[in-house]
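For reference, the structure discussed in these notes is given below.
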Amino acid sequence: MRVQKPKSSFALCVRDDGAEDLEERKLYQVLPDRVAAREGYLRVIDESGEDYLYPSELFIPLRLPAAIARRLMSPSRRNVATRRSVNLRTRTNRA
């Protein structure tokens, strides 16, 4: 049985460099952004609940088991994923 990777990852904030929407020693959800990563940034859902780019040196990336990552995902993003899966099930049940 193959375990699916979560669509997002997490990182530990080790420095906030004065950013009001980051807290040191706190875990943040990181969204995939290849362009930002090439430039040395991470797209993070910060304390405002929105995703913003921050310098990657402020964080240490973490690998978490998929079950834990799903539990930690932001509620708004988890609700979108749940709605999509419900819609897929509804379409499947109609067939």
| note | Note on region 7-43: residues open to solvent by 90 Å² or more (accessible area, probe 1.4 Å) and part of a strand (DSSP E or B) are Tyr41
| query | If you take the residues in region 4-24 that are of a type in the set (D, E, K, R) and under 18 Å from Ile68 (Cα atoms), which one is modelled with the highest pLDDT? | reply | Lys7
| message | Cβ-Cβ distance below 9 Å, separation of 6 or more or different chains: which pairs start in region 37-49 with a residue that is farther than 18 Å from Glu23 by Cβ and end on one that is surrounded by 10 or more Cβ atoms within 10 Å (Cβ to Cβ) and of a type in the set (Gly, Ala, Ser)? | response | Ala37/Ser56; Gly40/Ser56; Tyr41/Ser56
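The values are calculated or read from the model by the stated rules, or taken from the named source; none is laboratory data. Please read these numbers as outputs of a predicted model, since none were measured by experiment. Neighbour counts run over all protein chains shown; Cβ positions are idealised from the backbone, glycine included. Each accessible area value is taken on the protein alone, full model and side chains, heavy atoms only, with ligands, DNA and RNA left out. Shrake-Rupley method; radii C 1.70, N 1.55, O 1.52, S 1.80 Å.
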